[in-house]
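Each remark here refers to the structure printed beneath this line.
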Amino acid sequence: MVIREAFGNLNTLKTIVGPSHLGEILIELGYISQTQLDGALDYQKQNGGNLGWILATLGYINRLELYEGLAMHFKLPFVKDNSYILKNIDKKLTVMLTHEEIVKYQVIPYFVVQDNTLYILTANPGDKSGLELIRQRFGTEYIKQIIITDLDLMKISEELNRVSIIDKSINGLLYRNPDESAYKVITRPQWIFLACLLSGLVTWAFFKADTLIVAMIFVVQFFFIAPVFFKLFVCVYYQMKKNSKPAHIDANVPWAVGNWPVYTVLIAAYKEKNVIGTLIKSLKKLDYPENKLDIILLLEKDDVETLEAAKKEKPSANWRFLVLPDSTPRTKPKALNYGLHFARGEYLTIYDAEDLPEPDQLKKAVTAFRTHPDNYICFQAALNYFNRDENFLTRMFTLEYSSWFDCLLPGLFKSNLPIPLGGTSNHFDVQKLKRIGAWDPFNVTEDADLGIRASVEGYKVGVIDSTTYEEANSQLKNWINQRSRWVKGYMQTFLVYSRHPLKVIKAMGFTRWLSYAWLVGGTPVNFLLFPIMWALFGLSFFFNFYGYLHVPDWLMYLSLFNLVIGNVAVIFIALLGVFMRKNYSLIPYALLSPVYWLLQSAGAFRGLWQLLVRPFYWEKTQHGLTKCKADLPDISTLAK
């Protein structure tokens, strides 16, 4: 093979006499000014990192200009035609490096010439660790580098390893431990258990129907009130134990200067052209070194509109757009798994397309990891809504999120109990995340599932004092769709970790298992039983239903007590959220929480039906429906 032909479209570099430093070369080429160079050098002193990448992530130069300058600086050839490279690359060499190694070291073996010189493609020519890996793996000292852009290198590796990456993204957890995957909705032993239970109930009804009715009413009462009391206890316990705000982290610690790690942000977006621009603007406000951010936008193949809308925003070089291969299941967790294979960060977080995270959130997460024991796998930030006052639904949704993220989850954290994660703003240690199998693509609440699996695997989840603001659903049909998916996912998660209950209890401990059961299993049960509780009350009040069935007086009083106290508890939990966020205008709406719970029941019954007929169907939530302005000038001024 002729060397120049192997290069493909070899860039003809300009000859510059004199300057050898990258900054001087870029000035000589006319790509940057001296003022920009001085600013980038000051930035480098504060945050560390490579000067060229700093210039690119600050938006002073584009990728092609950066790599052209690097080629001149290192006196190496620069190739821009990755399609030609793919046609001529020696695939017998590429299989000797894994995709993970390619991502980490930014090198790919290209071809060997007759004198046994190995040509490699690199997007990081100044990194000696990549060269050392090649020397050890191929046993040669004769290595020559060819520069390509980081995007081209990733595309080449993706093309070479696409089948393997998509297989691991879909089946990785299933291969690792089938019992932790929701691929099977209900296992054979669970079906046998349900069949035996149903047979026992039928037999009981045949011989003693009146006692069965009494027993069933008692069971309904117990399984309605127990999860409510559990949530109430956790929320009140947190109020008693908290000093100020949960897990407050000071991001301005001395060790942090110039020592922030690379942080990956994954954004799985589908049909989000109306809000993706807002997200890009909000992430530009993050108080984190630009050159240490690795932001990956994950898009489906048929979603051209979102891709074009994102391109129009012209994000800086720390953004990458990754179009997923068309495969099933078509879920957010599968997309996140695919993106994880390209993540460069030591830590990683998830944002949704409509998110507005507080600027210092990443620094708080890093500080939390570095100041807590090594068994922490994740820290969850709080979620709340920027359009809380839009209508009844958004106000009730805000009450729900305020009590959940500001009271319940911090209470679980303080109590050392498992935390079902929220769908966004959860911050992971990447290596630990990979170790436990990442996300389950068959679970439609992959976040809650991952939080429980982390606990089963012996890891802890914490919370940090930071908020991400989202768009609350303002339309009922859209809200029902979202709620049914959430409840269905909680049912999936409960079924998964109830396959081997004794094993899970041994791994988690009985108290932690009981917490998981009441929260993950109890929440759907709460919603399903809530209208039944009201129906029993109505039948008894208007038609003497309990008297007709000869229900004991103590059970009638217990039913009335549970209905009244249960609703009071629901209202009280909502009020705790009001006072935590100081959203006092929502107090009257907290009193309407029982009405909101009836809406949640509608979503729960729909979720139960989908669990049986469409278990992996991802109910898409439409965003960008709000009439409120999302790109707030300073979201940190919102009430907290």
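Looking at segment 596-627, which of the residues that are assigned to a loop (DSSP other than H, G, I, E, B) and of a type in the set (Lys, Arg) is modelled with the lowest pLDDT?
Looking at residues that are assigned to a loop (DSSP other than H, G, I, E, B) and of a type in the set (Lys, Arg), I get 627.
In segment 145-181, the qualifying residues are those that are small (Gly, Ala, Ser) and part of a helix (DSSP H, G or I), and the one that is farthest from residue 440 (Cα to Cα) is 157.
Within 16 Å of the chain's Cα centre (by Cα), closer than 17 Å to residue 426 by Cα and aliphatic (A, V, I, L, M), is that true of residue 368? When the stated conditions are applied, residue 368 does not pass them.
The numbered conditions (1) of a type in the set (A, V, I, L, M, F, W, C); (2) under 24 Å from residue 520 (Cβ atoms); (3) buried (at least 24 other Cβ atoms within 10 Å of the Cβ) are all true for residue 362 except (2).
The residues in segment 300-314 that are surrounded by 20 or more Cβ atoms within 10 Å (Cβ to Cβ) and within 27 Å of residue 55 (Cβ to Cβ) can be counted, and the count is 1. For residue 127, the conditions (1) out of contact with any Asp or Glu (no Cβ under 9 Å at 6 or more places or on another chain); (2) surrounded by 15 or more Cβ atoms within 10 Å (Cβ to Cβ); (3) within 28 Å of residue 47 (Cα to Cα); (4) touching a residue at least 24 places away in the same chain (Cβ under 8 Å) are fulfilled apart from (4). Of all residues being of a type in the set (A, V, I, L, M) and surrounded by 17 or more Cβ atoms within 10 Å (Cβ to Cβ) in segment 215-225, which is nearest to residue 408 (Cα to Cα)? Just the residue, please. Step by step, filter segment 215-225, then rank; the result is 225. The single condition from (1) out of contact with any Phe, Trp or Tyr (no Cβ under 7 Å at 6 or more places or on another chain); (2) under 28 Å from residue 435 (Cβ atoms) that residue 543 fails is (2).
Residues considered: 529, 519, 450, 539. Of these, the only one that is surrounded by fewer than 22 Cβ atoms within 10 Å (Cβ to Cβ) and either under 17 Å from the mean Cα position of the chain (by Cα) or not β-branched (Val, Ile, Thr) (or both) is 539. Scanning segment 1-21 for residues being under 30 Å from residue 112 (Cβ atoms) and either modelled with pLDDT of 90 or more or of a type in the set (A, V, I, L, M, F, W, C) (or both) gives a total of 7.
Each residue in segment 566-611 was checked for being among the aliphatic types (A, V, I, L, M), closer than 15 Å to residue 479 by Cβ and surrounded by 20 or more Cβ atoms within 10 Å (Cβ to Cβ), and 1 of them qualify.
The residues of segment 366-395 that are aliphatic (A, V, I, L, M), assigned to a helix (DSSP H, G or I) and either touching a strand residue (DSSP E or B) at 6+ places or on another chain (Cβ under 9 Å) or surrounded by 24 or more Cβ atoms within 10 Å (Cβ to Cβ) (or both), listed by number, are 366, 368. Test residue 474 against the stated conditions and say whether it is part of a loop (DSSP other than H, G, I, E, B), over 14 Å from residue 377 (Cα atoms) and touching an Asp or Glu at 6+ places or on another chain (Cβ under 6 Å). So residue 474 passes the test.
Looking only at residues of segment 396-441 that are basic (Lys, Arg) and within 28 Å of residue 343 (Cβ to Cβ), we find that the one that is surrounded by the fewest Cβ atoms within 10 Å (Cβ to Cβ) is 435. Residues in segment 506-515 that are touching a residue at least 60 places away in the same chain (Cβ under 8 Å) and more than 14 Å from residue 229 (Cα to Cα): 508, 511, 512. Residues of segment 22-53 being under 18 Å from residue 74 (Cα atoms) and not in a loop (DSSP other than H, G, I, E, B), which ones? Selection gives 22, 23, 24, 25, 26, 27, 28, 51, 52, 53.
The values are calculated or read from the model by the stated rules, or taken from the named source; none is laboratory data. Just so you know, these numbers come straight off a predicted model, no measurement behind them. Cβ coordinates were reconstructed from backbone atoms using ideal geometry, including for glycine residues, and neighbour counts include every protein chain displayed.
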